[in-house]
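Novice: After the structure tokens below, expect a handful of questions from me.
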């Protein structure tokens, strides 16, 4: 009986091990390394620098602490001999539990006599999200078994203050006056101290959004007293009109406020797309947009997006069609042009010597050879209104005005 029981138990154990052999284990795409290895450690090393001079900070008061939850880690290596000018300020943590898919964040704290306390956050990620190279379903991401990272730290002396930030706004090499510029905290990394790579950034907490307006030199000034030293900001120029052109900023740029002066230039771009635009100049409206509209006086009103001036207005033409007998048109005042004082509206009027008879039908007047240039343009180039400009939606325009309809 005992022998039978032993045999049964032995068969059960064999069955269990055979069952384990059938269990699938996630592996990398080439089936060489098992996946799902989470019990790994890392090393973090770097150097502590003076953010204003770039000098290594070394001395007995230097401390570096890495914190995660209830665990406080001190460096395995910390070079703080005051006489060490070669490796002074170097630190290294070894055996720190690694994070997977950025699931754990560590706080790093650095103190040194005579310097502002540094606190930042570090999130190591030991996975390769692009390792799913095969066509099979499943996550084949690889986790490094050996992981090391560099994290340099920059500290500011006590009493150091943020510098002013100057932003100049330009369009076509002209300075723009009255533009609104905002300096907003970089919410993705509201903690920059330096724009160098391999750097752990300092957490600066909540930063205020600041606003300034460009002066007569095109400069928006943000006082250093209103900025956070080591703070990361991005500056944005709000959309505005310059000489009638609607402008916008193509991209924002991040700056890190330190003790060195910061001067930036923003080249604005036209917000109006398409080939219909000539230096921001397009036709806002034209009175013959409706092809069926009747204007018996023959006037044509054109509104431009930017101030213009006429080029050789005496060459503007007007051609009558289907005017009937007895209608006279021409002479020195064949077309009368009136440009508004602001250069934005042009009205063309026919110089009728006698009126078109009431029996005439389908009468039209077609204006042509209307050429303009931008008001502040002193060059020889000109723009033909009806062949080179268009409406904002890029619809073509013409100089045809209906004087009557097809019924007498």
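The values are calculated or read from the model by the stated rules, or taken from the named source; none is laboratory data. Predicted model only: the values in this text are computed from it and were never measured. Glycine also receives a Cβ, built like all others from the backbone with ideal geometry; neighbour counts cover every protein chain displayed.
Novice: For the range 200-290, which strands (runs of 3 or more DSSP E) that fit wholly inside it have 2 or more residues that are modelled with pLDDT of 80 or more and surrounded by 16 or more Cβ atoms within 10 Å (Cβ to Cβ)?
Specialist: The qualifying strands (runs of 3 or more DSSP E) are 210-213, 219-222, 232-237, 240-242, 253-256, 262-267, 283-286.
Novice: All but one of (1) modelled with pLDDT of 85 or more; (2) not in a loop (DSSP other than H, G, I, E, B) hold for residue 184; which doesn't?
Specialist: (1)
Residues are listed down the side, and each one gets a yes or a no for (1) free of Cβ contacts under 8 Å to residues at least 40 places away in the same chain; (2) within 13 Å of residue 96 (Cα to Cα); (3) not assigned by TED's automatic domain parsing to the domain that holds residue 106:
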site: 46; (1), (2), (3): no, no, no
site: 49; (1), (2), (3): no, no, no
site: 56; (1), (2), (3): yes, no, no
site: 62; (1), (2), (3): no, no, no
site: 67; (1), (2), (3): no, yes, no
site: 73; (1), (2), (3): yes, yes, no
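Novice: Condition first: crowded, with 17+ Cβ neighbours inside 10 Å and in contact with a strand residue (DSSP E or B) (Cβ under 7 Å, 6 or more places away or on another chain). Now tell me which residues in the range 350-359 satisfy that. Before you say what the answer is, go through the steps one by one.
Specialist: If we filter the range 350-359 for residues that are crowded, with 17+ Cβ neighbours inside 10 Å, which is where we start, we get 350, 352, 356.
Hits for the range 350-359 are 350, 352.
Novice: State whether one or more residues within the range 388-407 are over 52 Å from the mean Cα position of the chain (by Cα), buried (at least 19 other Cβ atoms within 10 Å of the Cβ) and at pLDDT below 90.
Specialist: Of the range 388-407, the ones over 52 Å from the mean Cα position of the chain (by Cα) are 404-407.
Narrowing further to those that are buried (at least 19 other Cβ atoms within 10 Å of the Cβ): 404.
Narrowing the set further to residues that are at pLDDT below 90 leaves 404.
Looking for residues that are over 52 Å from the mean Cα position of the chain (by Cα), buried (at least 19 other Cβ atoms within 10 Å of the Cβ) and at pLDDT below 90, one finds at least one in the range 388-407, hence yes.
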